Amino acid sequence: MDYKKTLNLPKTDFPMKASLARREPDQLATWEQEDLYRKIRRLSKGRRRFILHDGPPYANGHIHIGTALNKILKDIIVRSRQMAGYDAVYVPGWDCHGLPIEHNVDKELGARKKDYSQAEFRRLCRRYAEKFIDIQRREFKRLGVMGEWDNPYLTMNYAYEAVIAKECARFAQNGSLYRSQKPIHWCCSCRTALAEAEIEYHDESSPSIFVRFALCDDVGGQVPELAGKKVSVAIWTTTPWTIPANLAVALHPEFSYAAVQTGHAEVLILASDLVAACMQKFGVSDYRILAEFEARVLEGQKCRHPLYGRDSTIILANHVTLDAGTGCVHTAPGHGREDYEVGLKYGLEPFSPVDENGCFTPEIPDLRGQFVFAANSGIIDKLEDAGALLARENIDHAYPHCWRCKKPVIFRATPQWFISMDKTGLRRQALAEIDQVTWVPRWGRERIYGMIENRPDWCVSRQRAWGVPIAVFYCRSCGRIHINEEIVAHIHALFTAHGADIWFEKSVADLLPAGAVCEHCGGRTFVKEDDILDVWFDSGVSHAAVLEARDELRWPADLYLEGSDQHRGWFHSSLLTAVGTRHKAPYKAVLTHGYVVDAEGKKMSKSMGNVIAPGKVIERYGAEILRLWVSASDYRDDIHISENILKQLSDAYRRIRNTCRFMLGNLKDFDPGRNRVDYRQMPEIDRFALHRLQELIDRIRGAYERYDLHIIYHALFNFCTVDLSAFYLDVLKDRLYTSASGDAHRRSAQTTMYHLLDAMVRMMAPVLPFTAEEIWRYMPDDGAREESVHMAMLPEANPAWRDAVLAENWNLLLAVRREVTRALEDARARKIIGHSLDAHVDLTADGDLYTKLSPYADQLRAIFITSGAGLVRGAPAEKEDENNATEGLSVRVAAAAGEKCARCWVHDTSVGRDAAHPAVCSRCRRVLAEIG
RNA sequence: GGGCCUGUAGCUCAGUUCGGUUAGAGCGCACGCCUGAUAAGCGUGAGGUCGAUGGUUCAAUUCCAUCCAGGCCCA
């Protein structure tokens, strides 16, 4: 007789093979069809809200692995909060304005660009952004990210643009928006400002000159050795044309400087470490160091400009290096970024006597009209004539060039708009607000604090086309901003109706009420500012344009979540725009994650060839493997990805899937409504499994709560492997398969598995939404289950199912079991047994251990999955295995007595005793009788 | 060059908060078992000078310093 047919073997249609890449899109389509998202929204109406506010990715290109990481993290958190009982609305957004789009549209147009008006050009930019929003939206949805995909926020929406203008106006109204000169990259041939991204570096030969700047006063008071001497500071520059704009000489506060007596009865000051090299350059072989001193003793001393006789101040700056030159840096605040920054500290003007063609203005009468690069040689001659030139040569170095015309660019100061960090106490308030925010990980606080503490005023103007204008008017005569509530409201209304485009299409007369008078000087003509805002301002006001504007959201957000670059970016600009206008941070908590790097920890780059595209991973493994990767990694660090890691994760996925499948198979005949067994009627091992489940629930819920996401994967996976597959489920097989289907103990096992699976599916749902749903729909129905796992809640730990005493006993049994499996392995190696059911084990336990084990004597064979197990009290055998971890125990293995039962495979002496079923043991005989 | 951060087995992570028994887990790997979870399942085993060096200490993976490697942001 074929006894296999009398067993209750697992059976399920739930496929072993996931085929994620193929099946996930079907699942997404089903959800869409069922309108699951709306159902969830309806279901959670009225619950307390959890708002994760999305940082908008830039609407350009396909998503990359870092974007995928970010969105998946967000999704896991949103889903887990939703399942924890919140109404967690997720409104994704896109950052739409800005240079890269403008740049790409520019490239597409090429020479035709001149045929397009600014309005038409802006329309093309808008269309370009829309195209990539659609592409990225598809890609995000494919990752399984749930949210308001039909109604995302776009920084180019008219209403959003109107808010940008309004928020900017608030800064104008409170007096922190001001206009000032600042040097920027400028192309003299295109006559346009250039952004860093529009600059290409090419090698070029430049004049390299050393110039002496004579000190005005005797510095004997500071450096006694120099009393009565004629002293000069030696500077070096590769842009002689900026010499006319020199206002200072910068020394490093921590370097040592030397006063060098040269043959010409003059003293030169330069960095000690560079004396020898410079003297050689200057052709001075005979020199003597008179003194060495710290730079700060000269701070504030005046030098005389070698050409124009005006003062040039000695200042201290950290950007000074010893890589080249003299350690004394020629400083022209109107012609260099660092010069400008240090100039701000010392109150130096960004003097920039160069016009938009790159020619000197009348401010430098002797050079007026000369193109700067052409003026170089004349300036060098003048310096030589003035006796100020120490040395000259040519050097090859990388110099910035315009991406469009390929000509060398210059730094030139032009009027820019700034938001002051200090006029209205913005910096102070922002720093205070930082401490009201929870930073995850904690060091995020130090990072942003340091940035806010040290940053200069925020330059918010850009001389570009694709963005929202700084919608202010200023007086032509006095330059002050003309603004009031009426104007702000009017512009807001216009932008809401027509978008920011209208600003460029209309004149001042159209936009400003007639008869406006400047309240500062009485002027009647006003200038409309056509510069646009820094895109960081656009996204920075999303708290106002999105959180405040949408009923389903709330200000401030519970959480902002982005990569660690956003301490400088979005977290930063959001904080400033919120504190500047609302005196509060727009977020309660900020979570940052690291960057995706390759197996070696190197950043991904096209040139390194180590880029892994999310699309490829999805194609090959499925989105859930990518999600599992996100959940398995500790996002606080950089996150490694490689083929090896993905392979490991897909193995892990299969293990989780198979464990669930096994339980589904064994639940095929289980009706939770009818067959459920009461906890109190359950065998201890089932209650132990439930106890472990409660521990798992605590651990996982806590991990979701604290955003310790990688704990979840590890806990769940270890539970599947260690607790279930290798122990509980393995032990259960005998009971499940061989008992009659309605047997109380079998029903108890099924009840336990039902609880296990139900809880596990809910807990995995935020991470593995596809697989969780798939399992959910295969699970036996108790009539009260939600139609989707995503409408269900995370499991609650049940205190009644926690049993510390029981757990202690069973943990001891597990330790004993480990000893037994090792002994079995030894017997297997000695060919005494093959399968563990071929064995009989005898335990010898000393007093204490025996007392603890003896209540379980009857269950030992089942726990060990052997055919027999004996327990006797006694001293353990001498010199047992030295690795024996369980004190007072020895294990002996022998071949099991009796024949192997053809039905349950247990060796038993009762096999053969029954004439009707000679191949079967007495236990199976009874079951056969029961099931007829 | 500066700020913030990271560096525990081949891989993903625990642990070290207040320094103190042979540093844990799973995967992978090797070997074996099973063939009633079967393109599955079970077991055993090997793998780590806790990035390097120096210091503090009776004692350091854990504290300090320096260095190396890597990341983000500045310059």
In region A:554-610, residue farthest from RNA strand B (Cβ to nearest atom) [restricted to those that are loosely packed, with under 15 Cβ neighbours inside 10 Å and assigned to a strand (DSSP E or B)]: A:LYS588
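Return the only residue of A:ASP803, A:ASP826 being away from RNA strand B (no atom under 16 Å from the Cβ) and either β-branched (Val, Ile, Thr) or at pLDDT below 95 (or both).
Working: A:ASP826 fails: away from RNA strand B (no atom under 16 Å from the Cβ).
Checking each option against the conditions leaves just A:ASP803.
Taking region A:109-122 only, how many residues are closer than 30 Å to A:ILE63 by Cβ and touching a residue at least 12 places away in the same chain (Cβ under 8 Å)?
Initial filter on region A:109-122 (closer than 30 Å to A:ILE63 by Cβ): A:109-110, A:113, A:116, A:120-122.
Next, from what is left, pick out any that are touching a residue at least 12 places away in the same chain (Cβ under 8 Å): A:109, A:121-122.
So the answer is 3.
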Find the residue count for region A:616-636, including only residues that are surrounded by fewer than 16 Cβ atoms within 10 Å (Cβ to Cβ) and more than 12 Å from RNA strand B (Cβ to nearest atom). 3
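Let me confirm something: among A:ILE712, A:ILE700, which residue is crowded, with 22+ Cβ neighbours inside 10 Å, assigned to a helix (DSSP H, G or I), more than 11 Å from RNA strand B (Cβ to nearest atom) and not acidic (Asp, Glu)? Full working, then the answer.
Working: A:ILE712 fails: more than 11 Å from RNA strand B (Cβ to nearest atom).
Sole residue among the options that is crowded, with 22+ Cβ neighbours inside 10 Å, assigned to a helix (DSSP H, G or I), more than 11 Å from RNA strand B (Cβ to nearest atom) and not acidic (Asp, Glu): A:ILE700.
Mind listing just one residue for me: the one in region A:829-845 that is in contact with a strand residue (DSSP E or B) (Cβ under 7 Å, 6 or more places away or on another chain) and within 8 Å of RNA strand B (Cβ to nearest atom) and, of those, farthest from A:ILE685 (Cα to Cα)?
So in region A:829-845, the residues in contact with a strand residue (DSSP E or B) (Cβ under 7 Å, 6 or more places away or on another chain) come out as A:832-833, A:837-845.
Next, only the ones that are within 8 Å of RNA strand B (Cβ to nearest atom) stay: A:833, A:838.
Details: A:ILE833: 26, A:ASP838: 23 Å.
Among residues in region A:829-845 that are in contact with a strand residue (DSSP E or B) (Cβ under 7 Å, 6 or more places away or on another chain) and within 8 Å of RNA strand B (Cβ to nearest atom), the one farthest from A:ILE685 (Cα to Cα) is A:ILE833.
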Kindly indicate which of A:LYS5, A:LYS17 is within 11 Å of RNA strand B (Cβ to nearest atom), under 26 Å from A:ARG620 (Cβ atoms) and without any contact (Cβ under 8 Å) to a residue 40 or more places away in the chain. A:LYS17
Return the pairs, sorted by first residue and then second, in which the second residue is modelled with pLDDT of 90 or more and part of a helix (DSSP H, G or I), the first residue lies in region A:440-455 and is within 8 Å of RNA strand B (Cβ to nearest atom), the beta carbons are less than 7 Å apart, and the residues are 6+ apart or on different chains. A:GLY444/A:HIS567; A:ARG447/A:HIS567; A:MET451/A:HIS567; A:MET451/A:HIS572
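Those residues that are in a strand (DSSP E or B) and either over 41 Å from the mean Cα position of the chain (by Cα) or within 13 Å of A:ALA271 (Cβ to Cβ) (or both), I need them from region A:317-332; list them, please.
Step one: filter region A:317-332 for residues in a strand (DSSP E or B), giving A:328-331.
Answer for region A:317-332, where residues must be in a strand (DSSP E or B) and either over 41 Å from the mean Cα position of the chain (by Cα) or within 13 Å of A:ALA271 (Cβ to Cβ) (or both): A:CYS328, A:VAL329.
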Region A:200-226, subset within 26 Å of A:GLY378 (Cα to Cα) and among the charged types (D, E, K, R), residue surrounded by the most Cβ atoms within 10 Å (Cβ to Cβ): A:ARG212
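Pick from region A:652-692 the residues that are assigned to a helix (DSSP H, G or I) and of a type in the set (Asp, Glu): which of them is nearest to RNA strand B (Cβ to nearest atom)? Quick ask: steps written out before the conclusion?
Residues of region A:652-692 that are assigned to a helix (DSSP H, G or I), as a first pass: A:652-666, A:672-675, A:679-681, A:684-692.
Now restrict to residues that are of a type in the set (Asp, Glu): A:684, A:686.
Values: A:GLU684: 19, A:ASP686: 16 Å.
Among residues in region A:652-692 that are assigned to a helix (DSSP H, G or I) and of a type in the set (Asp, Glu), the one nearest to RNA strand B (Cβ to nearest atom) is A:ASP686.
Condition check ((1) out of contact with any Phe, Trp or Tyr (no Cβ under 6 Å at 6 or more places or on another chain); (2) surrounded by 20 or more Cβ atoms within 10 Å (Cβ to Cβ); (3) not in a loop (DSSP other than H, G, I, E, B)) across all residues:
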{"residue": "A:ARG442", "(1), (2), (3)": "yes, no, no"}
{"residue": "A:GLY450", "(1), (2), (3)": "yes, no, yes"}
{"residue": "A:CYS478", "(1), (2), (3)": "yes, no, no"}
{"residue": "A:GLU486", "(1), (2), (3)": "yes, no, yes"}
{"residue": "A:HIS490", "(1), (2), (3)": "yes, no, yes"}
{"residue": "A:LEU494", "(1), (2), (3)": "yes, yes, yes"}
{"residue": "A:TRP503", "(1), (2), (3)": "yes, yes, yes"}
{"residue": "A:ALA516", "(1), (2), (3)": "yes, no, no"}
All but one of (1) surrounded by 19 or more Cβ atoms within 10 Å (Cβ to Cβ); (2) free of Cβ contacts under 8 Å to residues at least 40 places away in the same chain; (3) part of a helix (DSSP H, G or I) hold for A:ALA259, so report the exception by its number. (3)
Subset of region A:262-278, residues under 51 Å from the mean Cα position of the chain (by Cα) and surrounded by fewer than 19 Cβ atoms within 10 Å (Cβ to Cβ), comes to A:SER272, A:ASP273, A:ALA276, A:ALA277
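The values are calculated or read from the model by the stated rules, or taken from the named source; none is laboratory data. Being a predicted model, the structure only gives us computed values, none of them experimental. All Cβ positions, even for glycine, are placed from backbone atoms using ideal geometry, and neighbour counts span all protein chains on display.
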